[in-house]
Amino acid sequence: MISLLLAAALSTGTPIPQGANVAPDGGRLDVTSKALLYNGSPIVPMMGEIHYSRLPADEWRDQLLKMKEGGVTIVSTYVFWNHHEWERGEYRFDGSRNLSKFLETVKECGLWAIVRIGPWAHGEVREGGFPDWLVAEAAERSKAKKGKLSNVLRTTDAWFMEETRKFWTRLAPEVLPHLWKNGGPVVGIQLENESRGPWAYYQELKRLAVELGYDAPMYTRTGWPRLNGGERTFGEMIPLYGDYAEGFWDRQTTSMPNAEYRNAFAMKEVRTSAAIATEQLGAQKAEDAKGAAQYPYFTCELGGGMASSYHRRLVMEPMDAFALGVVKLGSGSNLPGYYMYRGGTNPTDQGVPMGESQSDRFTNYNDLPPISYEFQSPLSEFGVRQKSWWLLRDLGRFCAKYGGEFALEEPVFTSRNESRRGRFIFHNEYVRRINPSGECWIGVEENGNIRRIVDGRHDDGALDDSPVEADPVVVTPLSVAGNPLPVKLGVNGVATPDPNAWSTAATWAVELPEDRNCILEISYRGDMARLEADGVPVADDFYNGDAFRFALWRLPEHVVKLDFKVTPWPGGDAIFLDTAPVPALGEASVSRAVSLPQPR
């Protein structure tokens, strides 16, 4: 009996002690060197990122249920400090900022959650989520430390850690009642994001989190970049990895500029990506830290899509996200985690742009639309199921049905295109823009033949939520575009939006349909576009060839007037258009406007 128990323990991997992992109903979660165990059995959950504070609270439940239907088991979410404490000492946890209510809804929808509490989050938010007042005070304090913010923020500096303590103390009542040990859905706490450490910084964050009661079955950190000085104590945080099919952050204005994007579609033993955040981290080497194999292979940032920055206007393909998942599973991953799974909208009530920009003092220095966080993800900014939703649904269902069978099987690599885990075969030839017609599937061998269980090229008629027919919308020209302004370069040497360009924009009046339970869709060409309600911007976009969209049900009832503005195309080669037709110099045009029924 002892030998049998020992064999069973060895087969599931070496236990890695974390926090409280037993729920009031007896449900137990364990992390081992191989997998996540639920009541002693290995599972392979699929995780999807959704940002509660980038989504109206009355849309949470519907979107969470769509995530669950789409194969998601765990939702992950950032806590953006500046969404909650815009003014020092004045906290907001109301409306879309009500994290406690969001986590309650997560549980009601039958999902689990990992809460990424920061203190720095990134997420293409202004200052990486740090409040302006924090950055300003850090700037004053940094004068005694060679004038660098990085010598104060995201360090063990006593002042910074005390400010983090204050915020996490206020955050605690929003999170702690929803911990797994209290019957809630929170199975994990992520500390920091994309940090080099050093390890002493991570340890101080972990110590503080535990002291304040953030007691969870799993503590995580992003497994990239490589830590300065390396990990000093094993098992305090589980490193989670990522990979993207393409990046808006690259400085080159060409397609797939980093060879690591191609490598993301290849089966390989290495877990670490050398393509993420290269504008901040610089050139990296795709190699794992010492001891990485002692941890399970989990991911938190497989590209569910990609945003467009001002200088890189990307268009993602449904197969991008699907192929990344197949490759990571085939390479040994036991938790495919997607960022983003559901796009969002930045809050506008702080009175300043809340999207990341080159003019920020402490973030990754890209220019994203101030309002829209459309990530071309399985669920769009306004909840439309896009084609990748169906592909990832099939992948999630495969993990749920067969995960317990292959989770403990190490991958056997037969080529860059194929691997085996037990009886399962993982195959991928698809590479974005390089081999777009390549096959991607998961199968099993039966009687000498391969039966495909999940196939990215199958055609089951799955489409996105957009109806075949749509109601036209009347748009009336009010003014023509002026002469385009020359492209400006930001502090990081790439094209940046010029606020003065709006003085040259063409404008159209948009006649609101009688039924506002719909999405306004406008096909246009130009540079930047935005929709204004009574003169106030409510949505924006950088032209990439896709249509401009906005959920009209979000408008207050008193709004009766909408203006659509497009700045003229500036020309030149400083802006990369992925697949979109290049507008004529100075063009700002609208070709089609319709309303699409609210997705159900």
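Numbers for the structure displayed
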{"read-out": "Computed E for E204/A293 - FRET, C-beta separation, R0 25 angstrom, nearest 0.05", "value": "0.40"}
{"read-out": "Within straight-line cross-link reach of K146, aspartates and glutamates at Cα separation under 16 Å, skipping those fewer than 8 residues along the same chain", "value": "E137, D157"}
{"read-out": "DSSP-defined antiparallel bridges as percent of all bridges, the chain, nearest 5", "value": "70"}
{"read-out": "Extension gain from H458 to E269, taking 0.36 nm per residue of separation minus the Cα-Cα distance", "value": "65.2 nm"}
{"read-out": "Centre separation in Å (Cα based) which lies between region 565-600 and region 55-107", "value": "32"}
{"read-out": "For peptides 195-203, 370-378, 547-555, sequence by mean Cβ density within 10 Å, most packed first", "value": "370-378, 547-555, 195-203"}
{"read-out": "Rg in Å to one decimal, and Dmax rounded to a whole Å, for the chain via C-alpha atoms", "value": "23.7, 83"}
{"read-out": "Inter-label distance for E446 and V474, nm, one decimal - labels placed 7 Å from Cα along Cα-to-Cβ", "value": "6.0"}
{"read-out": "Under 27 Å from K285, Cα to Cα: lysines that are on another chain or at least 8 residues apart", "value": "K34, K148, K268, K328"}
{"read-out": "Point-to-point label distance, E59-K166, nm (Cα→Cβ direction, 7 Å offset)", "value": "3.3"}
{"read-out": "Region 529-560 versus region 421-438: alpha-carbon centroid distance in Å", "value": "39"}
{"read-out": "Cβ crowding within 10 Å averaged over residues, with 186-192, 228-234, 440-446 ranked highest first", "value": "186-192, 440-446, 228-234"}
{"read-out": "Region 402-441 - Rg and Dmax from Cα coordinates, angstrom", "value": "11.9, 34"}
{"read-out": "Least to most buried among I434, I519 (fewest other Cβ within 10 Å first)", "value": "I434, I519"}
{"read-out": "Exposure proxy order (Cβ contacts within 10 Å, fewest to most) of V510, V22", "value": "V22, V510"}
{"read-out": "Pairwise centroid distance, computed over Cα atoms, of region 19-53 with region 134-156, Å", "value": "37"}
{"read-out": "C-alpha long axis of helix 318-330 to longest principal axis of the chain, angle in °", "value": "10"}
{"read-out": "At R0 = 56 Å, FRET efficiency that the Cβ-Cβ distance of A584 and E108 yields, to 0.05", "value": "0.60"}
{"read-out": "Between 0 and 90°, nearest 10: helix 99-108 axis offset from the chain longest Cα axis", "value": "60"}
{"read-out": "W249, W390 arranged by Cβ crowding within 10 Å, fewest neighbours leading", "value": "W390, W249"}
{"read-out": "Stokes-Einstein translational diffusion, region 519-600 - Kirkwood Rh over all Cα pairs, 1.567 mPa s, 4 °C, in µm²/s", "value": "95"}
{"read-out": "Normalised contact order of region 2-404, rounded percent, pairs of Cα under 8 Å and 6 or more residues apart", "value": "20"}
{"read-out": "Tilt relative to the chain, helix 387-406 - C-alpha long axis, 0 to 90 degrees, to 10", "value": "10"}
{"read-out": "Relative contact order %, region 471-597, counting alpha carbon pairs below 8 Å whose residues are six or more apart", "value": "35"}
{"read-out": "Qualifying lysines (Cα of each under 27 Å from Cα of K145; at least 8 residues distant if same chain)", "value": "K166, K206"}
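Read-outs: derived from the displayed coordinates by stated rules, not from any lab. Keep in mind that what you see is a predicted model, and the values were worked out from it rather than measured. Cβ coordinates were reconstructed from backbone atoms using ideal geometry, including for glycine residues, and neighbour counts include every protein chain displayed.
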